[in-house]
Amino acid sequence: MTDVALMQRAIELAGRGTGFVNPNPLVGAVIARDGEIIAEGWHARYGDLHAERNALAACKQDPRGAVMYVTLEPCCHTGKQPPCTDAIIAAGISKVYVGSDDPNPEVAGKGIKLLESSGIEVVKGFLKDECDALNPIFFHYITTKTPYVIMKVAMTADGKTATRAGLSKWITGEEARHHVHETRKRCAAIMVGIGTVLADDPTLTCRIEEPSNPVRVVCDSNLQIPIDCKLVASAREIPTYVAACSIDRRKAELLESKGVHVLEIVPADGRVNLRALMRRLGSLGIDSVLLEGGAALHEAALRSGIVQHVQVYIAPKIFAGVSAKAAVGGLGVYQVEEAYHLSRPEITRYGDDVLLEFDVKE
């Protein structure tokens, strides 16, 4: 196998940790001798062995003199696990291909320098773009201490998210909806507004093979969430947070008795301050949020600058009607120049539906 193929295998392995390693990064590692794989590993679950140590543990022959391909710079500090650099050096690995740089201040080039100072040849930035694509969540979280926010919208070709009667099931087909659940699995939390809870009474679970249910977060400025809704009923099984800025203490105590975590967040214009909420969620170790919030919350999220990525699923349907709901509400911008600008468009087809993805320009 070529060096490229071996790193591509490491990238493939890294993806197996999706939904289980947050707030750690996705990492894969392959050990090869003369182009033949002798061991491979990945970071499978938060707190478990890192990819490099998993690969070394899987070796069925002496790895001395072999080559390692790893998607992220090996760590050189002690966290939940000891430094991977120590294990690589002790194993006698002769050369390491590294994909992404680790922006974690505790690593940030130190891991590579340690390997090089121990006589190991290091090839830096190998398939960097492909390796970087594994971890936009980790890179954002480790540098800002706030969650990476993905805003998801499903709409018709004319931009409607519901009919004039408020009906929205189902705008998109099964393949697109399956991909939404893959994104739910990838993210540490899913967030909606109280309007969505009152209208739909959702469970906000991940319905996919090998699910990893995200934490549920409800933006509920006036603590209106019904005590008998599905989110409250399942709060002991799946962590559920309700963010409010007007707290009815009696109701808050009742919600907490049922397992709900009530977060008191400072207001902004009479509503939950979303930037403050992101800081609070980040402090709880929540590294990513899938925003499925409804038009009002989407507009507030864009206006507050908390969104990093946008997913727009477009179905080949037209609802029409001036009273049919749009994807983003609020007052909207006045001048064209005031628009929220997006970048790096990607297009993927799921059945008859199309997914458009963008990064949000800062």
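The values are calculated or read from the model by the stated rules, or taken from the named source; none is laboratory data. Note that the coordinates shown come from a computational prediction; the quantities given were computed from them, not determined experimentally. Note: ideal-geometry Cβ built from the backbone for every residue, glycine included; neighbour counts use all protein chains shown. Note: accessible area is taken over every heavy atom of the protein model, side chains too, but ligands, DNA and RNA are not part of it. Shrake-Rupley method; radii C 1.70, N 1.55, O 1.52, S 1.80 Å.
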*Specify the residue with the greatest mean-square fluctuation among 178, 341, 261, computed from a Gaussian network of the chain linking alpha-carbon atoms under 10 Å apart.*
341
*Using alpha carbons only, what's the Rg to Rh ratio of region 191-320 with Rh from Kirkwood?*
0.96
_For the chain, give me the percentage of DSSP beta bridges that are antiparallel, rounded to the nearest 5 percent._
45
*Mind checking the per residue accessible area of region 272-362 for me, 1.4 Å probe, whole number of Å²?*
56
_Packing-based ranking, highest mean first, of 291-298, 141-148 given that Cβ atoms within 10 Å are counted_ = 291-298, 141-148
*To the nearest 10 degrees, how steeply does helix 295-304 sit against the main Cα axis of the chain, on a 0 to 90 scale?*
60
*Would you kindly calculate the mean projected area, averaged across all directions, of the convex hull enclosing the Cα atoms of the chain, in square nanometres?*
19.8
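Can you order the peptides 327-334, 24-31, 72-79 by their average number of other Cβ atoms within 10 Å per residue, highest first? Write down the numbers at each step before the final one.
Numbers: 327-334: 13.4, 24-31: 27.8, 72-79: 21.0.
Final packing ranking: 24-31, 72-79, 327-334.
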*Bin all alpha-carbon pair distances of region 1-80 at 10 Å intervals from 0 and give each bin's fraction as a whole percent.*
21, 53, 23, 3
*Most to least packed among 238-247, 216-225 [average Cβ atoms within 10 Å]*: 216-225, 238-247
*Measure out, as a whole number of angstrom, how far apart the alpha-carbon centroids of region 333-351 and region 286-322 sit.*
11
*Could you pull out every one of the aspartates and glutamates with an alpha carbon less than 13 Å from that of residue 230, ignoring same-chain neighbours closer than 8 positions?*
200, 201
*Over the chain, with every protein chain in place, what whole percent of the accessible area is carbon and sulfur at 1.4 Å, could you tell me?*
51
*Cross-link list 113/185; 160/258; 113/145; 258/325; 251/361; 128/361: which exceed 28 angstrom alpha carbon to alpha carbon?*
113/185; 160/258; 258/325; 251/361
*In Å², what does the accessible area per residue of region 154-221 work out to with a 1.4 Å probe?*
45
_Longest to shortest principal axis, alpha-carbon extents of region 88-153, angstrom_ = 49, 23, 17
_Residue-averaged [θ]222 nm for the chain, counting only DSSP H segments that reach four residues, each worth -39500 (n - 2.57)_ = -8000 deg cm²/dmol
_Taking all pairs of distinct alpha-carbon atoms in region 138-235, Kirkwood radius in angstrom_ = 15.2
*Taking only protein heavy atoms and a 1.4 Å probe, what accessible area per residue, in Å², does region 4-50 have with all protein chains in place?*
39
*Compute the distance in nm between two label points, each set 7 Å from the Cα along the Cα-to-Cβ direction, one at residue 175 and one at residue 338.*
4.0
